[in-house]
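Q: Handing you a structure now.
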Amino acid sequence: MPTALALSPHLGDAAFSCGGLLASLAQAGWRVVMATLFTGSVADPQGFALACQLDKGLAPDVDYMALRRDEDVRAAAALGIAPPVHLPFREAPHRGYGSAPELFSDTRADDGIAAELAPALAGLIAAESPDLLLAPQAIGGHVDHVQVVRALRSLDVAAPILWWRDFPYTVREDAPKEPLVGLFATLAEAKMRLDPDAQARKRAACAAYASQIGFQFGGEAGLNARLAREAGIERFRLSGRLGAAIPGLDEG
């Protein structure tokens, strides 16, 4: 049984960007692991970090990340994949980023999280022995996504990597920020055509992140509309060579 390992910066990123592929691989007999890196709870959040949960209608005493981890478990079940893996790293608002614009600006000089992520990723990859990795391109420029790419690229990884386009950042602006475009521009393009079952599983998985879809899509109706405009297509850049053909995935 081949294994696919998706490295999601935040809870929801992998499902939003490549949930259909994850569901399709599981249906084809793959073992699929969705690992999210920035999921650590922080007691008594303050300032911008606290605002990030208050603006979603959550009280200050709610463990925001625990709630989101539970949503991730439901999303994985909807995709038909293994129970998800949650690493304890802290999101950017807990690492000194103090506003929404800062989240999409240059990484802070004192933010050394990539160096902390790298050995954790190496250990995870060694434990799971994936035949395929999936990871973000950091389209949109979120600092956490950028740091994940940096950490992964610092490793000597043997498995091929499908680098996903970070949805919904890809559709929020006509020309979204692509701070790492130079790393991916020369890689082969790949396109996944989702069958109706994979599309339905992806839609259900995305909807499982109830705390996020209002902010990300304006609610479930907005989510459905955005997914409909994607027309059942997920797009990637490929580094390395796939060991076997994946049904529905067109390379080149």
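The values are calculated or read from the model by the stated rules, or taken from the named source; none is laboratory data. All figures in this text were calculated on a predicted structure; none of them were measured in a lab. So basically every Cβ, Gly included, is an ideal-geometry build from the backbone, and we count neighbours across all protein chains shown. Please note that ligands, DNA and RNA were not included when accessible areas were found on the heavy atoms of the full protein model with its side chains. Shrake-Rupley method; radii C 1.70, N 1.55, O 1.52, S 1.80 Å.
Q: Somewhere in region 55-62, is a residue in contact (Cβ under 8 Å) with a residue 40 or more places away in the chain and closer than 20 Å to Gln199 by Cα?
A: Within region 55-62, not a single residue is in contact (Cβ under 8 Å) with a residue 40 or more places away in the chain and closer than 20 Å to Gln199 by Cα.
Q: How about region 1-116: which helices (runs of 4 or more DSSP H) wholly inside it have at least 2 residues that are open to solvent by 50 Å² or more (accessible area, probe 1.4 Å) and within 25 Å of Glu234 (Cα to Cα)?
A: Output list reads 64-79.
Q: Same structure, new question: For region 27-48: of the residues being of a type in the set (Gly, Ala, Ser) and at pLDDT 95 or above, which is farthest from the chain's Cα centre (by Cα)?
A: Among those that are of a type in the set (Gly, Ala, Ser) and at pLDDT 95 or above, it is Gly47.
Q: List every residue pair whose Cβ atoms sit under 7 Å apart, with the two residues 6 or more apart in sequence or on different chains, where the first one lies in region 187-204 and is within 20 Å of Pro136 (Cβ to Cβ) and the second, anywhere, is among the small types (Gly, Ala, Ser) and open to solvent by 70 Å² or more (accessible area, probe 1.4 Å).
A: Here the result reads Ala188/Gly252; Glu189/Gly252, each pair linking region 187-204 to a residue that is among the small types (Gly, Ala, Ser) and open to solvent by 70 Å² or more (accessible area, probe 1.4 Å).
Q: Still on this model: Find all pairs meeting these conditions: Cβ atoms under 7 angstrom apart; at least six residues apart or on different chains; first residue within region 214-232 and basic (Lys, Arg); second residue not in a loop (DSSP other than H, G, I, E, B).
A: Arg226/Val171; Arg226/Phe217
Q: Here is a check on your reading of the model: is Leu194 at pLDDT 95 or above and within 11 Å of Arg237 (Cβ to Cβ)?
A: Taking the combined requirement at face value, the residue does not satisfy it.
Q: Then there's this: Find the residue count for region 187-243, including only residues that are touching a strand residue (DSSP E or B) at 6+ places or on another chain (Cβ under 7 Å), surrounded by 15 or more Cβ atoms within 10 Å (Cβ to Cβ) and under 21 Å from Glu173 (Cβ atoms).
A: Qualifying residue count for the region: 4.
Q: Among (1) in contact (Cβ under 8 Å) with a residue 24 or more places away in the chain; (2) open to solvent by 70 Å² or more (accessible area, probe 1.4 Å), where does Ala175 come up short?
A: Result: Ala175 fails condition (1) only.
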